[in-house]
C-alpha cells in the first residue's frame with residue numbers, strides 16, 4: 001500500500017527545516033566570504049586537501065569526498081588554481097588522472113579562514129540552541145543520514 005502524502009503539520013515541519021537550513025547556510029556563506037574571501041566551495045576543497053595525505057587528492061576522489069559532480073569540481077578547481085590556492089598535477093600512479101595539490105597560498109588562505117568560520121558557526125548555529133537542542137539536532141542528523149543510506 002503506498003504511503004500517504006505528508007499531512008499539514010509534517011509539511012510545515014519540512015518547510016521550516018528547509019527554509020531554516022537555507023538561511024543558515026546563506027548567512028554562514030556570507031560571513032565566510034566577507035571574513036576570508038573564500039566561498040563555501042573553496043573552503044570545502046581546501047579542507048579536504050588539508051586533511052588528505054600529502055595535501056593532495058585525485059580529482060575524482062575529491063569530487064566524491066565533497067559530493068560534487070566531476071565537471072563542477074573541474075571548473076571550480078580551475079578558478080582556484082588561477083587564484084594560486086592549489087595546483088593540478090598529473091597523478092603519479094595513473095597517467096589518466098590528475099591530482100589537486102594544496103599550495104602554500106591555499107594553506108594560508110585556509111588557515112586564515114578557519115577561526116572566523118568556526119566563530120560564525122558558533123554564533124549562528126551553536127549559540128542559537130540549548131545543549132539539549134544541540135544534542136537533538138545531532139540525533140536528527142544521524143537518523144536522517146542512516147535513513148538516506150538505505151536502498
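Every number here is computed from the coordinates shown, using simple stated rules; none is lab data. Fair warning: this is a prediction, and the values are worked out from it, not measured in the lab. So basically every Cβ, Gly included, is an ideal-geometry build from the backbone, and we count neighbours across all protein chains shown.
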- Span per principal axis, largest first, for the Cα atoms of region 8-149 (Å): 54, 33, 23
- Using Cα pairs closer than 8 Å and at least 6 residues apart in sequence, work out the relative contact order for region 8-149, in percent. 24
- Rounded to the nearest 10 degrees, what's the angle between the helix 8-36 long axis and the longest principal axis of the chain, both from Cα atoms, 0 to 90? 30
- Task: Beta carbons within 10 angstrom, averaged per residue: use that to sort the peptides 72-81, 15-24, 39-48, highest first.
- Result: 39-48, 72-81, 15-24
- Message: Given the -39500 (n - 2.57) contribution per DSSP H run of 4+ residues, what per-residue ellipticity at 222 nm results for the chain, rounded to the nearest 500 deg cm²/dmol?
- Response: -22500 deg cm²/dmol
- Using alpha carbons only, how many degrees (0 to 90, rounded to 10) separate the axis of helix 104-124 from the longest principal axis of the chain? 10
- How far apart, in nm, are the 7 Å Cα→Cβ label points at residue 115 and residue 3? 4.6
- For residue 16 and residue 123, what does the FRET efficiency come to when R0 = 22 Å and r is the distance between their Cβ atoms, rounded to the nearest 0.05? 0.55
